[in-house]
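As structure tokens, the structure follows; a few thoughts come after it.
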Amino acid sequence: MVLAGMVLSVPASGVKTTYEYYVWGSPDDVVTATSGGLLLAGGDSDVADAMLWMIAKSGGGDFLVIRCSGTDAYNPWIYKQLGGVDSCETIIFVKEEACYDAFVLDKIRSAEALFIAGGDQWDYVSMWKGTPVEDAIHYVAAKPAPVGGTSAGLAVLGEFVFSAQNDTIESDDALRNPYNRRVTIENDFLSMDNMEGTITDSHFVTRDRMGRLVTFLARIVQDGRATQARGIGINEKTALGVEPNGDVKLFGLCDAYSSAYFLLTPGPPEVCEPKTPLTYLDISVYRITATGSFNLARWEGVGGVAYSLLSVDGVLASDQADGSIY
């Protein structure tokens, strides 16, 4: 049993380490009965109940965190404080060569729960897309076993991904010019159940990201990638547990603060052109808090609030009584 961070890395002579590996608990593989699920987390503080949901689905097996920056801080929290796992391991990808390393790929495929940490989603897209890491993530999901992500890790779990290739973008800038060079959208990366035609966004209300999510949806449809697009915006300190049948449960640290938004486009935008403010009408929104639920397969909710959103010349409004876009 390893109770301090055990570190294993494979540097070639005179070459920077390709990855870092840390483990709390047993470094040996254990096989447990798992069940499928997808955890979508909105960033900032992680929600313990959401992680315990993943742990329960792991059957108490090996919980693996993958990332391209940061530390192994999840290991002691998950292994020691939350408990119920054989181990919690972290792999930090340092160089692209790690995507082809047999040890790394075996650790991912052997995981009973897999979580993609926050950071910069462009690191994940540019380093993992089209490599055996992508295949290994799909292997875990297909067992089935739980897969999740927060912030940047959340961003890559939809069919469509705001890749942040040219840095992030604020809502006002995106609405003002939907073809701003910072509006970069990828697809053909991860394929998770119930996430078809969907793009996600995190830190949602806190960082006022409704406008940019609307812009992402407009671009997906305008560019012919889908005839109808779906968006999921999740606020900080909030996570969604998605069952294989599409049922969504919201986990939050604060009932008044924790919320999630499900957006659906009505068709193509009215005006979506370079250097021209976006006009897009009749976007449907369903907002849930801890008292509501949603189903991604049916795209319908219970116990939440339904309303319509529109952008006219780059300015958002809604049909809610107070005009709030949230």
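Counting residues that are over 21 Å from L40 (Cβ atoms) and at pLDDT 95 or above, which strands (runs of 3 or more DSSP E) fully inside the range 279-325 reach at least 3?
280-288, 305-312, 315-318
Filter the range 229-262 for residues that are touching a helix residue (DSSP H, G or I) at 6+ places or on another chain (Cβ under 9 Å) and closer than 23 Å to I169 by Cβ and give the result. Passing the criteria: A229, R230, G231, I232, G233, I234, T238, Y261. Picking from residues in the range 1-16 that are in a loop (DSSP other than H, G, I, E, B) and more than 20 Å from A117 (Cα to Cα), the one that is modelled with the highest pLDDT is K16. Looking across the range 76-93, the residues that are surrounded by fewer than 19 Cβ atoms within 10 Å (Cβ to Cβ) and either among the basic types (K, R) or over 22 Å from the mean Cα position of the chain (by Cα) (or both) come down to P76, K80, Q81, G83, G84. A single entry from N235, N177, N187, N166 fulfils the requirement of being buried (at least 21 other Cβ atoms within 10 Å of the Cβ) and of a type in the set (S, T, N, Q): N235.
Considering S110, S87, S69, the condition of being polar (S, T, N, Q) and under 21 Å from M192 (Cβ atoms) is satisfied by S110 alone. Hey, any hits in the range 299-320 for a residue that's within 20 Å of the chain's Cα centre (by Cα) and buried (at least 16 other Cβ atoms within 10 Å of the Cβ)? The answer is yes; a qualifying residue exists. Within the range 33-47, does at least one residue satisfy the condition of being surrounded by fewer than 24 Cβ atoms within 10 Å (Cβ to Cβ), β-branched (V, I, T) and more than 19 Å from the chain's Cα centre (by Cα)? Yes, the range 33-47 contains at least one residue that is surrounded by fewer than 24 Cβ atoms within 10 Å (Cβ to Cβ), β-branched (V, I, T) and more than 19 Å from the chain's Cα centre (by Cα).
The values are calculated or read from the model by the stated rules, or taken from the named source; none is laboratory data. Every value quoted in this text rests on a predicted model; they were computed, and no experiment measured them. With ideal geometry, Cβ positions are generated from the backbone for all residues, glycine too; neighbour counts draw on all protein chains shown.
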